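S.K.: Right, I'll just put the structure down here and ask away after.
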Amino acid sequence: MRYRPLRHNSEFGRVYARGKAYVDHALVLYVLKTRSKQTRVGLTATKKVGCAVRRNRARRVMKAAIDEHLDYNIGGYNLIFVARAATPGLKSWQVSRAVARLFRAAGLPDKALAPGAPAPASRPPRRKETPGSAPAAGETDAP
């Protein structure tokens, strides 16, 4: 299930003015508690992030991370995720980790921490060893 989007400039302005901001190196999260029972999300990437290709990548990676962590039954919140200049250059697991940190700081429940939830992409994929590569630190060839 996808989140309900914030669409109008006045809605964004209300969250910016009345909401609380949480800052990470990759993202900024603005949170405003509302009376409605639905959680709505807005994504922004300004021209400071880069050209259209980089802004679209930032939004795409943010959407994937939000889907991993946002439980849609948390009550009425308006959330705005703002991409920073570093966001398009990060891997998806790094943005996912940043979203988890922001949710923890804001006191929002994290769907990825619920029992039975699939593990989030919160760590880098394991590197495959190629034949002839040097062993990692601490590894020896002796039995």
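S.K.: Considering only residues of region 46-76 that are of a type in the set (A, V, I, L, M, F, W, C) and under 8 Å from the mean Cα position of the chain (by Cα), which is farthest from ARG35 (Cα to Cα)? Write out each step before concluding.
M.R.: First pass over region 46-76, keeping only residues of a type in the set (A, V, I, L, M, F, W, C): 49, 51-53, 58, 61-62, 64-66, 70, 74.
Next cut, under 8 Å from the mean Cα position of the chain (by Cα) only: 61-62, 64-66.
Values: VAL61: 29, MET62: 26, ALA64: 27, ALA65: 26, ILE66: 22 Å.
Among those that are of a type in the set (A, V, I, L, M, F, W, C) and under 8 Å from the mean Cα position of the chain (by Cα), it is VAL61.
S.K.: For region 54-73, name all the residues that are part of a helix (DSSP H, G or I), surrounded by fewer than 18 Cβ atoms within 10 Å (Cβ to Cβ) and not basic (Lys, Arg).
M.R.: ASN56, ALA64, ASP67
S.K.: Hey, another quick one. If a residue has to be modelled with pLDDT under 65 and either small (Gly, Ala, Ser) or closer than 22 Å to GLY76 by Cα (or both) to count, how many in region 87-131 make the cut?
M.R.: Taking region 87-131 first, the residues modelled with pLDDT under 65 are 121-125.
With either small (Gly, Ala, Ser) or closer than 22 Å to GLY76 by Cα (or both) added as a condition, the list becomes 121-122.
Adding up the residues that qualify gives 2.
S.K.: Could you check region 1-50 for strands (runs of 3 or more DSSP E) lying wholly inside it with 1 or more residues that are open to solvent by 100 Å² or more (accessible area, probe 1.4 Å) and touching a residue at least 60 places away in the same chain (Cβ under 8 Å)? It would help to see each step written out before you state the result.
M.R.: On the way: elements: 20-23, 27-33, 40-44.
The qualifying strands (runs of 3 or more DSSP E) are 20-23.
S.K.: Going by what's in this entry, would ILE74 be described as out of contact with any His (no Cβ under 9 Å at 6 or more places or on another chain), among the β-branched types (Val, Ile, Thr) and farther than 21 Å from HIS8 by Cα? First the steps, then the outcome.
M.R.: Working: out of contact with any His (no Cβ under 9 Å at 6 or more places or on another chain): yes; among the β-branched types (Val, Ile, Thr): yes; farther than 21 Å from HIS8 by Cα: yes.
When the stated conditions are applied, ILE74 passes them.
S.K.: Additional query: Test each condition in (1) at pLDDT 95 or above; (2) out of contact with any strand residue (DSSP E or B) (no Cβ under 8 Å at 6 or more places or on another chain); (3) within 25 Å of GLU11 (Cβ to Cβ) for ILE80 and report the one that comes out false.
M.R.: Failing condition for ILE80: (2).
The values are calculated or read from the model by the stated rules, or taken from the named source; none is laboratory data. It should be emphasised that the depicted structure is a prediction, and the values quoted were computed from it without experimental measurement. Neighbour counts run over all protein chains shown; Cβ positions are idealised from the backbone, glycine included. With ligands, DNA and RNA removed, areas are computed over all heavy atoms of the protein, side chains included. Shrake-Rupley method; radii C 1.70, N 1.55, O 1.52, S 1.80 Å.
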